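Structure first, commentary second.
Coordinate-derived values only; no laboratory data. Everything numeric here is computed off the predicted structure, so don't read it as measured data. We place every Cβ from the backbone using ideal geometry, glycine too, and count neighbours over all the protein chains shown.
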Amino acid sequence: MKRLVVALFAGLTALYGPLAMADEVYGQIGTEGAGIGYGHPLGSVANVRAEVNGVSFSHSFNSGDLHYDGTATLIHAGLYGDFFPMPSVVPFRLTAGFLIGDDHVNANATSPSGTYTINGVAYSTLGQSIHAKATYPAVRPYLGIGFGHSPLATKGFSMFFDAGVAYGKPHLDFDVPADIVAEAGQANVDAEKQSLQNTVDRYRFYPIVKVGVTYRF
């Protein structure tokens, strides 16, 4: 897929020819957190861009019979190619690329009562904790649309907007202490893990919406 993206924009460059256009730097905020980036035009209808985004936040959730306190950490780079169907009319674009990084969620099952309910039955925590970690693939494809970043934009400041989705099925690590496994039984622990896996799988499509300011020089 990477070769296809490179070939596409190389072909656009050959078709329209390189133009003496300005590069850009930009800052943004959105569902990826805050980020900065750099863009370079490949002609009148195409850009390539690279950026870095990051955010960390806490989130509590229920899955199966357990309640979790989790922390999501999203830190990744983005490599994108933009195509502008009508750049001289409107700065609308189609964007394809990749997210590259270590995005993950760490979570601990909470137990105010001193018991964990596993597959419908309460068991003592035995003073130990159940931990889970969901990790996205290191490389995820992205498709989206947006306005701004136009190669035909004049030098100076302007605004931009992006909306799209990244895809990647998270890998789940479910760490249950051996004493709790012995108490509850492996089959019940496996059933609880599958419930959490089903919850995690719903987040294989990660929506990306962001706005920002760019400076072309």
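Results, tabulated for the structure shown:
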{"read-out": "Lys/Arg +1, Asp/Glu -1 at C-beta; the chain dipole; positive extreme among Val189, Gly148, Ser113", "value": "Gly148"}
{"read-out": "Hydrodynamic radius (Kirkwood) for the stretch 49-92, which is based on Cα pairs only, to one decimal in Å", "value": "14.3 Å"}
{"read-out": "Tyr206, Tyr38, Tyr136 arranged by Cβ crowding within 10 Å, fewest neighbours leading", "value": "Tyr38, Tyr206, Tyr136"}
{"read-out": "Projected area averaged over orientations for the stretch 139-202, convex hull of C-alpha atoms, nm²", "value": "7.2 nm²"}
{"read-out": "Alpha-carbon radius of gyration plus Dmax, which is the widest Cα pair, for the stretch 53-165 in Å", "value": "21.7, 68"}
{"read-out": "Sum of side-chain charges, Ile75 neighbourhood, beta-carbon under 11 Å (Lys, Arg +1; Asp, Glu -1)", "value": "-3"}
{"read-out": "Rh by Kirkwood over Cα pairs, then Stokes-Einstein D for the stretch 99-217 at 0.890 mPa s and 25 °C, µm²/s", "value": "140 µm²/s"}
{"read-out": "Against the rule of thumb 2.2 N^0.38 Å, how large the Cα Rg of the stretch 103-145 comes out", "value": "1.81"}
{"read-out": "Isotropically averaged projected area of the stretch 2-216, using the convex hull of Cα atoms (one quarter of hull area), nm²", "value": "13.1 nm²"}
{"read-out": "Charge tally in the Cβ shell below 11 Å around Thr95, where Lys, Arg are +1 and Asp, Glu are -1, Thr95 excluded", "value": "0"}
{"read-out": "Acute angle (nearest 10 degrees) that the helix 2-16 long axis makes with the longest principal axis of the chain, alpha-carbon atoms", "value": "20 degrees"}
{"read-out": "Using alpha-carbon coordinates, inclination of helix 186-201 to the longest axis of the chain, degrees", "value": "20 degrees"}
{"read-out": "Table column - 3J(HN,Hα) (Hz), the stretch 44-54, Karplus curve with 6.51, -1.76, 1.60, x for Gly and Pro", "value": "7, 10, 8, 10, 10, 9, 9, 8, 10, 10, x"}
{"read-out": "Order of Phe174, Phe160 - criterion: other Cβ atoms within 10 Å of each residue's Cβ, fewest first", "value": "Phe174, Phe160"}
{"read-out": "Charge dipole (debye, nearest 20) of the chain; +1 at Cβ of Lys and Arg, -1 at Cβ of Asp and Glu", "value": "1000 debye"}
